[in-house]
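Below: one structure, written as structure tokens.
Since every read-out is calculated from the coordinates, none of them should be taken as a lab result. Model, not experiment: these values are computed from the prediction. Backbone-built Cβ (ideal geometry, glycine too); neighbour counts: all protein chains shown.
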Amino acid sequence: MECDPVIEKHYKGHKSTITSLSFHPETKKVVSSSKDKTLISWHIADSTSRALRFLGHRDEVLDVDFAPSGEVIASACKDRTVRVWVPTIRGEFLDFVAHQGVVRSVKFSPDGENLLTSSDDKNIKLWMVCQRRFLMSFVGHTNWVRCARFSTDGKLIVSCSDDKTLKVWDIASNQCIKTFNELKASYTDAEFFPNGTLIGAASTDGCVKIFDLKSGVLRQCYDVHQGAVNKARFHPSGNFMLTAAEDATMKVLDLLEGRPIFTLKCHSKSVTSIAFSQDGNYFASGSSDSHLFVWKSNFDRDLVPEK
């Protein structure tokens, strides 16, 4: 039975737009990045523990990601740098200039050994985290690359760009193996379906599209928002998708029935970031109103097996 998602926590600490969110793998914490040049790690499980603010970036922080181990956090900055932080009170970090343009996204590989970055310089790069060593570039986009994300098995990458394409890359061969073209609008976000067979993408025309990776066929299209869709995330079960948009709403899509089932309104401005916990029991939302909410999902309690 469907139950409404419920707000569990409300946090206010950033002074500007929250640009990205990432849960600790054990759902103990959620980390947020912001245009105020900071990261904040919020304690969910322990309400008595203070949030940790990480200072050091010289410009807007545009993306953040917890490593699969939960031991480090990576962040991407508008000043072309990437930082890898140890999330403690001392906030130790290593940093490096990753691109010749703004770094839009950063993502750890499933094994945590490598880091994927994308940039306004139109390139995607793969790095070895511990050595800050560059491994390879993926070249083919002709405009800003908004995001790049790994498949669950770590063998493929999906990227989206202002050139109105989605591209799928094979890491072993360093080649683009599929391109999805869009004529009307640019893609803002993309990720693989949990089992790797589909790709979900958000676009500036208010639509979310789901493509079959093998055939390239458009499987589902949801025209559900009144403004650009900033983020789209699959629930870990694969049965639902969460979207966040400029119209200050989020939508929960039932992918099995092919319809939206919830419209969530809690932010006063554009919803700019969302993330699911690893078990899918929680999700978080951040906005240009600088507020962060952590929600109890409720809509899919029994479908994600415990590990």
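When only alpha carbons are used to place a centre, region 164-240 and region 3-78 end up 25 Å from one another. In order along region 185-196, phi translates into HN-Hα couplings of 9, 8, 7, 10, 7, 7, 7, 7, 4, x, 8, x Hz, rounded to whole numbers, per the Karplus curve 6.51 cos²θ - 1.76 cosθ + 1.60 with θ = phi - 60° and x for Gly and Pro. Kirkwood-type hydrodynamic radius, region 182-307: 14.5 Å, calculated from all non-identical alpha-carbon pairs.
Tell me the relative contact order for region 1-127 as a rounded percent, counting alpha carbon contacts under 8 Å between residues six or more apart. Relative contact order for region 1-127 comes out at 16 percent. A Förster radius of 35 Å, combined with the Cβ-Cβ distance separating CYS221 from LYS269, puts the computed FRET efficiency at roughly 0.85.
Given contacts defined as C-alpha pairs under 8 Å and at least six residues apart, what's the relative contact order of the chain, whole-number percent? The partial results should precede the final answer.
On the way: 918 pairs, mean separation 45.0, N = 307.
Rounded, it is 15 percent for the chain.
Label separation (SER137 vs ILE7): 4.5 nm, computed from points 7 Å beyond Cα along the C-beta direction.
Placing a label point 7 Å from the Cα of ARG259 along the Cα-to-Cβ direction, the residues of region 209-234 whose backbone N falls under 18 Å from that point are 220-225.
Among the listed options (i) 33, 24, 17; (ii) 25, 25, 18; (iii) 39, 23, 19, the one matching semi-axes √(5λ) of the Cα gyration tensor in Å as calculated from these coordinates is (ii). Between THR197 and MET128, the distance separating the two model label sites (each 7 Å from Cα on the Cα→Cβ line) works out to 3.6 nm. PRE reach from ALA51 (point 7 Å along Cα→Cβ): which of region 1-32 fall under 14 Å by backbone N? The answer is 9-22, 29-32, whose backbone nitrogens lie closer than 14 Å to the label point.
Here the calculated FRET efficiency for ASP79 and LYS214, from their Cβ-Cβ distance with R0 = 35 Å, stands at 0.35, rounded to the nearest 0.05.
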